[in-house]
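The values are calculated or read from the model by the stated rules, or taken from the named source; none is laboratory data. The structure presented is a predicted model; accordingly, all values stated were derived computationally and were not measured. In this analysis, Cβ positions are derived from the backbone assuming ideal geometry, glycine residues included, and neighbour counts consider all displayed protein chains. When the accessible area is computed, the model is the full protein with side chains, heavy atoms only, and any ligands, DNA or RNA have been set aside. Shrake-Rupley method; radii C 1.70, N 1.55, O 1.52, S 1.80 Å.
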Amino acid sequence: MTDWLYAEESGGVRSARDFDVVELAEGIHLRADIFIRNCQRTQRPAHDVCVFLIQQGFEPGNLGLAPFPAIAIKEAADHEIGLTRAAMPGAEFQAAKSVFMGAIGVVHNAALATPAFEASPKHGYSRAMRPDRLNPLFVAADSLKGVGTGLARPLERLGLTRVKDFAYHLPDRFVTRRAVADLDQASVGENVVVGLTPVEYRSSAGRGPFRVLAADEAGNVCAITYFGRNTGWARKALPLGEKRWIAGRLDQYGQMLQIVHPDHVSDESGLALGQLVEPVYPLSEGLTQGRLAALVHQALERMPDLPEWIEPGLADKMQWPLWRDALELAHRSEHAAARDRLAYDELLANSLALMLVRRDNRARAGTPLHGDGSLRGKLKLPFGLTGAQSRAVREIEGDLAQPSPMLRLLQGDVGSGKTVVALEAMLLAVEAGTQAALLAPTEILARQHHETLTRMAAGTGATIALLTGRDKGRARESILMGLLDGSIQIVVGTHAIFQDAVAYKNLALVVIDEQHRFGVGQRLMLTQKGRRAPHCLAMTATPIPRTLTLAQYGEMDVSRLDEMPPGRQPIDTRVVAIERLGDVIGAIGRHLESGSQAYWVCPMVREQENEDLAAAEARYAELKARFGDSVVLVHGQLKGEVKDAAMERFASGAARLLVATTVIEVGVDVPNAT
């Protein structure tokens with residue numbers, strides 16, 4: 001959701017619509033509108049973008065290995081924003097050098113731009129200042145009444161560190177209650193508000209509950225039940241003989257109606273009736289719904305009235321409320337128009353940012369790469385390229401030959417041959433006398449890529465190295481020296497390849513596999529390793545509809561591998577209810593008996609409270625009891641050597657079933673695991 005799009009121009013701050021950036025965005029309203037109408041309503045905004053311009057142009061100076069703007073944007077992105085769900089995947093790192101044309105600011109949960117650049121007398125940078133009226137929204141959470149040191153940690157776990165964060169902490173759902181005159185009008189299991197008069201206290205022996213028997217206007221008796229040893233609060237809130245309004249769920253215990261731990265107890269009917277529709281917020285340990293709701297209310301009161309930035313005709317057509325009204329309505333009820341408007345704000349801001357990035361990328365100086373085919377001609381592949389692969393290679397070759405850096409997304413299903421296309425691009429870079437790097441999200445996938453590329457490129461003479469966080473001592477030093485002197489031409493690795501200690505002689509191409517798994521700062525750091533801005537090829541196996549591609553990858557050119565190599569078997573995808581888990585295990589057993597192998601992927605490592613998700617450790621224990629030592633387990637919290645041993649057993653066929661989290665990634669290749 002975009003709270004404010006603004007520019008610093010001759011010292012004045014104006015609406016985004018007042019300056020020419022928006023000329024780039026003709027048709028964006030329509031594009032986002034189409035996307036809104038073709039997707040489900042956003043339940044909770046994920047991230048937000050603010051676009052601002054700095055009129056003064058300046059060159060990035062060097063602070064160590066990373067230009068100052070890269071450091072500043074990295075902090076804004078990774079620490080302020082946390083864009084792991086990428087508002088603009090693959091483009092964030094381009095913002096590092098966008099100071100040549102302006103700057104892109106990206107801010108989490110309220111597009112209220114944080115200064116991305118600090119003043120620096122040494123390097124001559126200026127600070128991008130936000131309007132004064134927005135400053136109160138960026139003060140720390142402890143400026144809200146009731147926030148002390150005890151609440152700091154649970155609020156931080158939810159990402160609620162500044163006032164504006166509370167305004168964008170939208171409810172997951174709403175509890176709807178019905179006001180009834182007496183219990184005869186209510187049904188068991190219903191959430192109600194009813195007036196009751198306490199008539200008797202009943203304590204239980206041991207750890208039993210404390211009950212307050214209360215009667216309604218018709219004489220019906222209901223037990224208001226509390227568990228716990230402290231009965232003082234219940235006696236104080238529910239004095240005998242004094243009517244109270246109770247809000248809660250009406251249940252039945254034996255022959256008696258009861259309300260267990262009522263949500264609200266009030267001595268005024270008006271206060272209780274004000275709770276007929278109540279938001280339910282995501283919580284963390286140490287927070288209650290009432291306390292968080294009170295903090296959200298304070299934050300909403302501080303939201304300023306801002307000029308409208310949505311084109312009036314569209315806002316009227318969609319009947320969207322103003323931004324401030326939309327925020328309040330989204331906290332008050334299931335207001336579809338308010339949620340849609342906030343979601344549209346996010347898409348609009350993303351689109352503006354992406355178009356600026358794309359324009360800036362085309363104006364930046366890269367390294368044109370022209371290969372002579374000497375290495376690619378030596379590739380001895382056991383298969384021919386598909387038409388889609390050949391087309392993608394030609395598109396990439398054309399981009400690499402340009403003076404502006406390539407920014408291309410290579411999209412293709414598992415098994416469509418993205419790795420071969422990436423290898424062709426990296427060999428072209430080596431032919432041009434430069435280096436290439438392939439960034440993988442996990443060590444397992446990095447090692448597999450290294451093995452695959454080494455095997456494919458065996459006859460070319462290109463030197464390919466693997467660098468992960470596990471490499472230590474002389475082996476690591478040897479790789480670092482090879483990258484620095486250029487003797488290593490292609491490096492494959494995890495986050496270790498963009499650490500400060502890693503320097504390249506002439507890095508000109510970066511390939512990012514499963515690029516959505518990397519944060520903004522990580523990609524920023526890698527793309528700062530080249531003499532000039534390196535070309536970037538991002539790969540993903542995630543199927544992305546065209547409308548979503550336009551909305552989320554608008555700054556990138558896209559190559560699609562839309563045909564599979566010959567001999568690939570069709571993929572059969574089925575959804576099975578958890579109640580049929582036994583049938584699934586039985587089918588897996590028959591599959592293993594036929595000599596084949598299988599993956600069993602779980603979303604979590606171990607079971608957690610309040611999470612109804614399959615955990616790898618629990619499922620591994622269950623499957624191991626059924627299939628014995630033919631089952632192995634892999635997840636990210638295991639030591640590297642343990643994971644290697646498990647993967648080796650599975651790859652060799654000694655183990656038939658691999659239970660894992662998504663650490664294995666979709667690209668892990670064991671041909672017999674079908």
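Yes or no, residue by residue, for (1) over 26 Å from the mean Cα position of the chain (by Cα); (2) in a helix (DSSP H, G or I):
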position: ALA437; (1), (2): no, no
position: ARG447; (1), (2): no, yes
position: THR452; (1), (2): yes, yes
position: THR460; (1), (2): yes, no
position: SER478; (1), (2): yes, yes
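Name the residue that is nearest to THR434 (Cα to Cα), counting only residues in region 350-371 that are assigned to a helix (DSSP H, G or I) and in contact with a Phe, Trp or Tyr (Cβ under 9 Å, 6 or more places away or on another chain). Please lay out each step first, then the result.
Kept after step one, since they are assigned to a helix (DSSP H, G or I), are these residues of region 350-371: 350-363.
Narrowing further to those that are in contact with a Phe, Trp or Tyr (Cβ under 9 Å, 6 or more places away or on another chain): 354, 360, 363.
Numbers: LEU354: 28, ASP360: 24, ALA363: 22 Å.
Looking at residues that are assigned to a helix (DSSP H, G or I) and in contact with a Phe, Trp or Tyr (Cβ under 9 Å, 6 or more places away or on another chain), I get ALA363.
If you scan region 210-232, which residues turn out to be open to solvent by 60 Å² or more (accessible area, probe 1.4 Å) and over 21 Å from LEU250 (Cβ atoms)?
ARG229, ASN230
Which one is surrounded by the fewest Cβ atoms within 10 Å (Cβ to Cβ), of the residues in region 132-159 that are free of Cβ contacts under 8 Å to residues at least 40 places away in the same chain and part of a loop (DSSP other than H, G, I, E, B)?
GLY148
Would you check if ALA425 is of a type in the set (Gly, Ala, Ser) and modelled with pLDDT under 90? Walk me through how you get there before you give the answer.
On the way: of a type in the set (Gly, Ala, Ser): yes; modelled with pLDDT under 90: no.
Against the criterion (of a type in the set (Gly, Ala, Ser) and modelled with pLDDT under 90), ALA425 does not qualify.
Can you tell me how many residues in region 392-414 are more than 12 Å from VAL558 (Cβ to Cβ) and among the polar types (S, T, N, Q)?
The number of residues fulfilling the criteria is 2.
With the requirement that a residue be surrounded by fewer than 18 Cβ atoms within 10 Å (Cβ to Cβ) and on the phi < 0 side of the Ramachandran plot, what does region 483-505 give you? Break it down stepwise before answering.
Here is the first cut: in region 483-505, the ones surrounded by fewer than 18 Cβ atoms within 10 Å (Cβ to Cβ) are 484-487, 499-501, 503, 505.
Within region 483-505, LEU484, ASP485, SER487, GLN499, ASP500, ALA501, ALA503, LYS505 qualify.
Do we have any residue at all in region 468-479 that's at pLDDT 90 or above, closer than 26 Å to GLU397 by Cα and open to solvent by less than 50 Å² (accessible area, probe 1.4 Å)?
No, region 468-479 contains no residue that is at pLDDT 90 or above, closer than 26 Å to GLU397 by Cα and open to solvent by less than 50 Å² (accessible area, probe 1.4 Å).
Need the failing condition index for VAL670 against (1) part of a loop (DSSP other than H, G, I, E, B); (2) at pLDDT 90 or above, just the number.
Unmet for VAL670, out of (1) part of a loop (DSSP other than H, G, I, E, B); (2) at pLDDT 90 or above: (2).
Please indicate, with yes or no, whether at least one residue in region 251-261 is outside any loop (DSSP other than H, G, I, E, B) and free of Cβ contacts under 8 Å to residues at least 24 places away in the same chain.
Taking region 251-261 as the starting set, the residues that turn out to be outside any loop (DSSP other than H, G, I, E, B) are 251-253, 256-260.
Those still in the list that are free of Cβ contacts under 8 Å to residues at least 24 places away in the same chain too: none.
The answer is no; no qualifying residue exists.
Provide a single number: the residues in region 311-325 that are touching a residue at least 40 places away in the same chain (Cβ under 8 Å) and either assigned to a loop (DSSP other than H, G, I, E, B) or surrounded by 17 or more Cβ atoms within 10 Å (Cβ to Cβ) (or both). First the steps, then the outcome.
Of the residues in region 311-325, the ones touching a residue at least 40 places away in the same chain (Cβ under 8 Å) are 311, 314, 318, 323.
Checking which are either assigned to a loop (DSSP other than H, G, I, E, B) or surrounded by 17 or more Cβ atoms within 10 Å (Cβ to Cβ) (or both) leaves us with 311, 323.
Within region 311-325, residues that are touching a residue at least 40 places away in the same chain (Cβ under 8 Å) and either assigned to a loop (DSSP other than H, G, I, E, B) or surrounded by 17 or more Cβ atoms within 10 Å (Cβ to Cβ) (or both) number 2.
For region 308-347: of the residues being under 25 Å from the mean Cα position of the chain (by Cα) and of a type in the set (Asp, Glu), which is nearest to ARG177 (Cα to Cα)?
Here the answer is GLU334.
Using beta carbons and a limit of 6 Å, which pairs, at least six apart or on different chains, have the first residue in region 382-397 and within 14 Å of LEU410 (Cβ to Cβ) and open to solvent by less than 40 Å² (accessible area, probe 1.4 Å) and the second one outside any helix (DSSP H, G or I) and not polar (S, T, N, Q)?
Here the result reads THR386/GLU563; THR386/PRO565; ALA388/LEU561; ALA388/ASP562; ALA388/GLU563; GLN389/GLY417, each pair linking region 382-397 to a residue that is outside any helix (DSSP H, G or I) and not polar (S, T, N, Q).
Between GLY274, GLY270, which is under 14 Å from ALA179 (Cβ atoms), exposed (fewer than 12 other Cβ atoms within 10 Å of the Cβ) and modelled with pLDDT under 90? Working first, answer last.
Values: GLY274 fails: exposed (fewer than 12 other Cβ atoms within 10 Å of the Cβ).
Answer to the selection: GLY270.
Tell me which residues, restricted to region 284-310, are surrounded by fewer than 16 Cβ atoms within 10 Å (Cβ to Cβ) and assigned to a loop (DSSP other than H, G, I, E, B).
Correct list: SER284, GLU285, GLY286, THR288, ARG302, PRO304, ASP305, PRO307, GLU308.
How many of the residues in region 171-209 are touching a Pro at 6+ places or on another chain (Cβ under 7 Å) and either crowded, with 17+ Cβ neighbours inside 10 Å or of a type in the set (Asp, Glu) (or both)? Before you say what the answer is, go through the steps one by one.
The initial filter retains those residues of region 171-209 that are touching a Pro at 6+ places or on another chain (Cβ under 7 Å), namely 171-172, 174, 198.
With either crowded, with 17+ Cβ neighbours inside 10 Å or of a type in the set (Asp, Glu) (or both) added as a condition, the list becomes 171-172, 198.
Number satisfying all stated conditions: 3.
Whether any residue in region 555-574 is modelled with pLDDT under 85, surrounded by 16 or more Cβ atoms within 10 Å (Cβ to Cβ) and within 20 Å of the chain's Cα centre (by Cα) is what I want to check.
yes
The conditions are (1) farther than 30 Å from LEU134 by Cβ; (2) surrounded by 14 or more Cβ atoms within 10 Å (Cβ to Cβ), and VAL163 fails exactly one of them. Which is it?
Going through (1) farther than 30 Å from LEU134 by Cβ; (2) surrounded by 14 or more Cβ atoms within 10 Å (Cβ to Cβ) one by one, VAL163 breaks only (1).
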